[in-house]
Every structure is written in C-alpha cells, then in structure tokens.
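See structure below.
The values are calculated or read from the model by the stated rules, or taken from the named source; none is laboratory data. Keep in mind that what you see is a predicted model, and the values were worked out from it rather than measured. As a convention, Cβ positions derive from the backbone with ideal geometry for all residues, glycine included, and neighbour counts pool all protein chains shown. All accessible areas refer to the heavy atoms of the entire protein, side chains included, with ligands and DNA or RNA removed. Shrake-Rupley method; radii C 1.70, N 1.55, O 1.52, S 1.80 Å.
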Amino acid sequence: MIRPVIAKRETTLHILKAFGIQMSKKLGQNFLIDEQVVADIVRAAGVKPGDAVLEIGPGIGTLTQGLAEAGAHVVAVELDRQLIGVLAKTLAGYENVRVIHGDILKVDISREIAAKSCKVVANLPYYITTPIIMKLLEDRLPIEVLVTMVQKEVAERMAAAPGGKEYGALSVAVQYYTEPQIVLNVPPAAFIPPPAVESAVIRCVVREKPPVAVNEKLFFRVVKAAFAQRRKTLNNALKGAGIPTDIVAAILNAAGIDGARRGETMTLDEFAAVANAWEKLKAN
Ligand code: SAM
C-alpha cells in the first residue's frame, strides 16, 4: 500500500484540517513536518525490523509512521483523546502499531511492553521532558536506548561535562544511567507550529551497570544538595541538606574532596566518593 508521508507540511496541514484538530500548546503539541528529521531519528535509534519501540506522544502519527515503515513493533502512548481517532485513520493498515490512550507518567509500561528489551523513540512534549526521562530511567525498565527530541538547552544539560553552567543534577542523573550524545540540532521550522525554542535529538544508550558503585539514595541526596543552590560550596550545600557540620567535615575529609568546591565542578566519581564516605561514616 502506498501511503502519504505524514512528515510533510502539506500532509500535516491536510490532516489537521480534515479532522478539525485543535492543537494544544498546553500538551506541547508541535508536530514534525520534516521527513529527513524523522529518518534521522529512526536511524539514530538503529531501528530494525522486529524491534520493540515505545513512542511517547505520537501526535498525528508522524514519527510512528517512520518507525512502522522501518519494521518496528510500536507501542505509542498519547494523552490527547482527540488524536486517538485520528491515529486510527492515519496509521490504518500498520499492523505493527498499537496506540494507547494515556498519560506516559501513569501508564504501567512494563505491562504494555512484553519484549525483553525495547527502544524509546519520541518527539517529547517539552513541558514534561525531565519527569518522563527520569521515570523511564529510575523505573529500570528494560530499555536499551532512548532517542528523543527535546529542547536544545535540555539536551545540552543532559550531555554536559562538569565545569560549565549546563552541568547539573540532570546531567549527573542521565550520565549515571546512560551514555548521552547529541546527534542532531533541529530548527523551529521543522515543526507546525514552530516552537519558541531550538530543539535537538539526543541518543542515550542505557548502561548495563552504573559507572560508579554507590548507595543510590545517598548518591542522589548528595547530588541534589550540591545543586540545590548552585552558588553554595559543597561544604555549605551539605550542611544545608541537614548534615551536621562535624559530619560534613568528616565526610569530605574521608572522600578527599575540598569543601570549598561547587557541585558544578564535581565528576560522577567525586560525587560517588562523597556518598560512599557518608555511607561508611553512617555504618560506624
Ligand atoms: N510525535 C509527534 C510528532 O513528532 O509530530 C508529536 C510530538 S508533540 C511534540 C508531543 C506529543 O505528546 C503530543 O501529541 C501530545 O499530545 C503528547 N503528550 C503530551 N503530554 C503527554 C503525556 N503526558 N503522555 C503521553 N503523551 C503526551
């Protein structure tokens, strides 16, 4: 069957008009109209026939179509009820696509994806990018790679190295679970309507095991404290998180970290050293 490619301005405008779709800014609806970008995303995810793919926010089926054409078994979760009927039409005939009406933050993903391993491929709604990515990673779902379109500034924060202003708690968390790499910058003109910000596609390959061995709860408490107020020294940040002054000094001393440093200069190894020193002190 020959189907019109959805990722084109004229096809998208036609679908929006034919179905009388009211696009919602609140739901982060900016639909892709660039065929090349869809192809690049599918390639960045290395989608092969038979791959299980979770797509978040299929919209009118633009990226879903690219994934389905590549032979993936797609489960696509869309929150906007008006689009569910539209997707049934725009993706009619693709036996390898299943659309679920729901909120990705509430759907039980492990129940919906039966495969041992899956890929997440999505043009994310920007208003909830971080909660979605953190949920997917923290839930330890059997995901091998996430290829997502996000706001460019967020992609830069996810992939940032220590030392710059982009580096923060999101960078540490994403790099703890994955190896991120920005693969493509995408201009506003690639969407209808064009978003107010630049976008980027980022590929995050999920690590088999984290790069540091830590008590995760303590590790992320330290990271959160260190970035809660970026201008604070580590010394003050840890005290601010409720750790008594003498314990803070003992932790930093044992970890071999200068308390005058700021969180934004700390590597994952150094955060791990602090968390591990804290755990050891707690045990004694
Ligand atoms: N995939 C389409 C594309 O590339 O053109 C649409 C992407 S658009 C940026 C984001 C989509 O996510 C919209 O269709 C929106 O309705 C949907 N969405 C927003 N919040 C959601 C949520 N919590 N769960 C699932 N889908 C959501």
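The table for this structure:
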quantity	calculated
The one condition in (1) farther than 22 Å from residue 157 by Cβ; (2) modelled with pLDDT of 95 or more that residue 245 fails to fulfil	(2)
Residue count for segment 8-57, restricted to those that are open to solvent by less than 50 Å² (accessible area, probe 1.4 Å), part of a loop (DSSP other than H, G, I, E, B), more than 27 Å from residue 109 (Cα to Cα) and within 12 Å of the ligand (Cβ to nearest atom)	2
Selection within segment 234-250 - surrounded by 17 or more Cβ atoms within 10 Å (Cβ to Cβ) and not in a helix (DSSP H, G or I)	243
Some residue of segment 136-149 being on the phi > 0 side of the Ramachandran plot and in a loop (DSSP other than H, G, I, E, B)	yes
Residue 69 vs. criteria open to solvent by 30 Å² or more (accessible area, probe 1.4 Å) and in contact with a helix residue (DSSP H, G or I) (Cβ under 9 Å, 6 or more places away or on another chain)	yes
Selection within segment 113-159 - within 25 Å of residue 33 (Cα to Cα), open to solvent by less than 20 Å² (accessible area, probe 1.4 Å) and over 11 Å from the mean Cα position of the chain (by Cα)	119
Subset of segment 80-129 [among the basic types (Lys, Arg) and within 13 Å of the ligand (Cβ to nearest atom)]	81, 106
Any hit, segment 178-199, residues being of a type in the set (Ser, Thr, Tyr), open to solvent by less than 70 Å² (accessible area, probe 1.4 Å) and closer than 30 Å to residue 61 by Cβ	yes
Top-ranked residue of segment 58-73 - restricted to ones that are away from the ligand (no atom under 13 Å from the Cβ) and assigned to a loop (DSSP other than H, G, I, E, B), ranked as nearest to residue 99 (Cα to Cα)	72
Where residue 77 falls short, out of the listed (1) within 11 Å of the ligand (Cβ to nearest atom); (2) aliphatic (A, V, I, L, M); (3) part of a helix (DSSP H, G or I)	(3)
Options 183, 206, 197: the member that is touching a Ser or Thr at 6+ places or on another chain (Cβ under 7 Å) and among the hydrophobic types (A, V, I, L, M, F, W, C)	206
Subset of segment 210-232 that is outside any helix (DSSP H, G or I) and modelled with pLDDT of 95 or more - its residue that is most open to solvent (accessible area, probe 1.4 Å)	213
Members of segment 80-99 that are assigned to a helix (DSSP H, G or I) and among the charged types (D, E, K, R)	81, 89
